[in-house]
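Accompanying notes for the structure given below.
No lab work stands behind these numbers, since they all come straight from the coordinates. Because the structure is predicted, anything quoted here is derived from the model rather than measured. Every residue, glycine among them, receives a Cβ derived from its backbone with ideal geometry; neighbour counts consider all protein chains shown.
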Amino acid sequence: MKTKFILTAIATVFSVSAFAQVPASNPVDQVKQDNKEIHRDNKDIRKDKRDISKDQKELAEDRQARNAAQRAENRDIKNGNLAGAEKMEKRREHEQHEINHDKHDLNKDKNNLHKDRKDRNNDVKQRNKDAAQIK
């Protein structure tokens, strides 16, 4: 049963990808198809920009929380409250872990944005090449 399902899924993927790569019959249809791809790429770029903005905001908030925990830890050490200082140290370490995670997400989103822009530029070049064939 599982192998039948897997084979059906693979066959579907190949048929869909083969169907999607059928060249358009005339240059006008090809330009329209290229414009759709450019539109999809622009949509992906806008989404990536939103993700980057969100990650930068989270990163700033986590840094503020980490810095506040560090100040509280320093204050507790100064006052001789070692138990409170240990508690603040754990909180600060947790915040630093979140910062590292946010920085990783931010870098992934920036790489994805770069890839999407590169794809869009390639699609624009292809669209312009196809449009030059229209007479």
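Some observations on this one:
- Net charge, Arg46 excluded, C-beta distance under 12 Å - Lys, Arg +1, Asp, Glu -1: +2
- Both the radius of gyration and Dmax for the stretch 20-100 are 25.2, 80 Å, in that order, over alpha-carbon atoms.
- Gained length - Asn128 relative to Lys47, 0.36 nm times residue gap less alpha-carbon distance: 26.7 nm
- In order along the stretch 73-83, phi translates into HN-Hα couplings of 4, 4, 5, 5, 5, 4, 7, x, 8, 6, 5 Hz, rounded to whole numbers, per the Karplus curve 6.51 cos²θ - 1.76 cosθ + 1.60 with θ = phi - 60° and x for Gly and Pro.
- As a calculated quantity, the FRET efficiency between Asn121 and Val28 at R0 = 22 Å, using C-beta atoms, amounts to about 0.50.
- FRET efficiency estimate (nearest 0.05) - Cβ-Cβ, Arg63 to Lys108, R0 25 angstrom: 0.85
- Too-long pairs where the Cα-Cα distance tops 24 Å, listed order kept, from Lys103/Lys125; Lys54/Lys125; Lys36/Lys118; Lys36/Lys135: Lys103/Lys125; Lys54/Lys125
- Cα gyration tensor, the stretch 63-135 - rounded (a/c under 1.5), prolate or oblate: prolate
- Dipole of the stretch 15-135, positive end: most advanced residue of Gln64, Ile77, Ile45 [Cβ charges, Cα centre]: Ile45
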